[in-house]
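J.: First, the structure itself, so that you have it in front of you.
The values are calculated or read from the model by the stated rules, or taken from the named source; none is laboratory data. Being a predicted model, the structure only gives us computed values, none of them experimental. Neighbour counts run over all protein chains shown; Cβ positions are idealised from the backbone, glycine included. Remember, those area values only see protein heavy atoms, side chains included, never the ligands or the DNA or RNA. Shrake-Rupley method; radii C 1.70, N 1.55, O 1.52, S 1.80 Å.
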Amino acid sequence: QVQLVESGGGLVQAGGSLRLSCAASGRTFSEYGMGWFRQAPGKEREFVATISSGADHTYYADSVKGRFTISRDNAKNTMYLQMYSVKPEDTAIYFCAAGPGGAAYYSTDYHSWGQGTQVTVLS
């Protein structure tokens, strides 16, 4: 297992940008596939983006494709989500998750989760 801590959330105007970070404990971060999910009030948790352990594969939800970029720095045990051109519908709690080495779309593929960071986009 690995412990994950998200940071970087906050208030942002529509059209602005924000970068989320996910710091992982332990020495095996580079072995994990990682993902970002989000949950808006009254809605189910949904997939946002995923990156494989070696960063050679990345996938995005259609709703964020072209606006968000997922990346990782294995030397720093950290994953990022760069958010551009944010919209009010991006408002949610954002969670990072760790799982097996490949990129994965489903929350059930992940075994470790952070506590989340709130992102609020003002219109």
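J.: Hey, among THR50, THR108, THR58, which residue is over 21 Å from VAL12 (Cβ atoms), open to solvent by 80 Å² or more (accessible area, probe 1.4 Å) and among the β-branched types (Val, Ile, Thr)?
T.: Going through THR50, THR108, THR58 in turn, just one is over 21 Å from VAL12 (Cβ atoms), open to solvent by 80 Å² or more (accessible area, probe 1.4 Å) and among the β-branched types (Val, Ile, Thr): THR108.
J.: If you don't mind, there's one more thing I want to ask. Just give me the residues in region 32-90 being assigned to a loop (DSSP other than H, G, I, E, B), in contact (Cβ under 8 Å) with a residue 60 or more places away in the chain and within 21 Å of ASP109 (Cβ to Cβ), in sequence order.
T.: TYR32, ARG45
J.: Report, by residue number, each residue of region 1-53 that is farther than 21 Å from ASN77 by Cβ and among the basic types (Lys, Arg).
T.: Residues satisfying the conditions are ARG38, LYS43, ARG45.
J.: Tally up the residues in region 69-94 that are open to solvent by 20 Å² or more (accessible area, probe 1.4 Å) and of a type in the set (A, V, I, L, M, F, W, C), please.
T.: Total meeting the criteria: 2.
J.: Name the pairs: first residue in region 9-22 and under 25 Å from MET34 (Cα atoms), second residue of a type in the set (D, E, K, R), Cβ to Cβ under 8 Å, at least 6 apart or on different chains?
T.: LEU20/GLU6; SER21/GLU6; CYS22/GLU6
J.: Further question on the same structure: Let me confirm something: among GLY26, GLY66, GLY8, which residue is at positive phi and open to solvent by 60 Å² or more (accessible area, probe 1.4 Å)?
T.: Exactly one of GLY26, GLY66, GLY8 is at positive phi and open to solvent by 60 Å² or more (accessible area, probe 1.4 Å), namely GLY66.
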